[in-house]
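The structure follows.
The values are calculated or read from the model by the stated rules, or taken from the named source; none is laboratory data. These numbers were taken from a predicted model, which means no experiment stands behind them. So basically every Cβ, Gly included, is an ideal-geometry build from the backbone, and we count neighbours across all protein chains shown. These area figures cover heavy atoms from the full protein model, side chains too; ligands, DNA and RNA do not enter into them. Shrake-Rupley method; radii C 1.70, N 1.55, O 1.52, S 1.80 Å.
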Amino acid sequence: MQVLYILRHAKAVTWTPFIEDFSRSLQPSGQRDAQRVAGWMCQEVEMPDCILCSPSHRTRETLAPLLSMQPQLESVTHFLPQLYHSSLRTLQTLLDSSFAEANRVLIVGHNPGLEVLVSDVIHRRHNTDFNRLPTGTLAIVNFSNGWDQDQGKGVLHQQIRGQNLSGD
């Protein structure tokens, strides 16, 4: 089995004409949510073998708590410019390459691309369980027969939103 962890960046400061979108940082609530998701991941799931992350400031900040808790993950983390405002085709191509080498892949990025990705890779019977990917949300998709064979037939195993986790 292969697993895809899809993490949309946590809540960022609102865009204004004076702030470049790429450089926007997380709001304090977004920082808390990123910390909560990272803590949950450390307790509840097997760690990824490969991490693909957009190099934007807000995605790096979203990933930072996980890397802080699991420093060994830095060696399997790739900051890829093509993840910033990526198309579904780009995401699929990156995941094709990643799943050729890894069984558990975490992708940290942006909407609308990640939301489209979740809808595309899960089996249509699970599409009723999924309708959006809000900020600070982790979707976990299982591929029983692997990414190559189960694309479009994945099972949406869980969807976790940072703001819904306790702050303990």
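I'd like the full set of residues that are in contact (Cβ under 8 Å) with a residue 24 or more places away in the chain and either part of a strand (DSSP E or B) or more than 10 Å from the chain's Cα centre (by Cα) (or both), limited to region 103-114.
Asn103, Arg104, Val105, Leu106, Ile107, Val108, Gly109, Asn111, Gly113
Across region 13-72, what is the total count of residues that are under 21 Å from Phe99 (Cα atoms) and aliphatic (A, V, I, L, M)?
8
Take the residues in region 120-168 that are surrounded by 17 or more Cβ atoms within 10 Å (Cβ to Cβ) and part of a helix (DSSP H, G or I), then tell me which one is modelled with the lowest pLDDT.
His126
Here are Pro71, Pro65, Pro48, Pro55: which of them is surrounded by fewer than 18 Cβ atoms within 10 Å (Cβ to Cβ) and under 15 Å from the mean Cα position of the chain (by Cα)? Can you show your working first?
On the way: Pro71 fails: under 15 Å from the mean Cα position of the chain (by Cα); Pro65 fails: surrounded by fewer than 18 Cβ atoms within 10 Å (Cβ to Cβ); Pro48 fails: surrounded by fewer than 18 Cβ atoms within 10 Å (Cβ to Cβ).
Going through Pro71, Pro65, Pro48, Pro55 in turn, just one is surrounded by fewer than 18 Cβ atoms within 10 Å (Cβ to Cβ) and under 15 Å from the mean Cα position of the chain (by Cα): Pro55.
In region 1-36, which residue that is touching a Ser or Thr at 6+ places or on another chain (Cβ under 8 Å) and closer than 14 Å to Ile140 by Cα is most open to solvent (accessible area, probe 1.4 Å)?
Among those that are touching a Ser or Thr at 6+ places or on another chain (Cβ under 8 Å) and closer than 14 Å to Ile140 by Cα, it is Met1.
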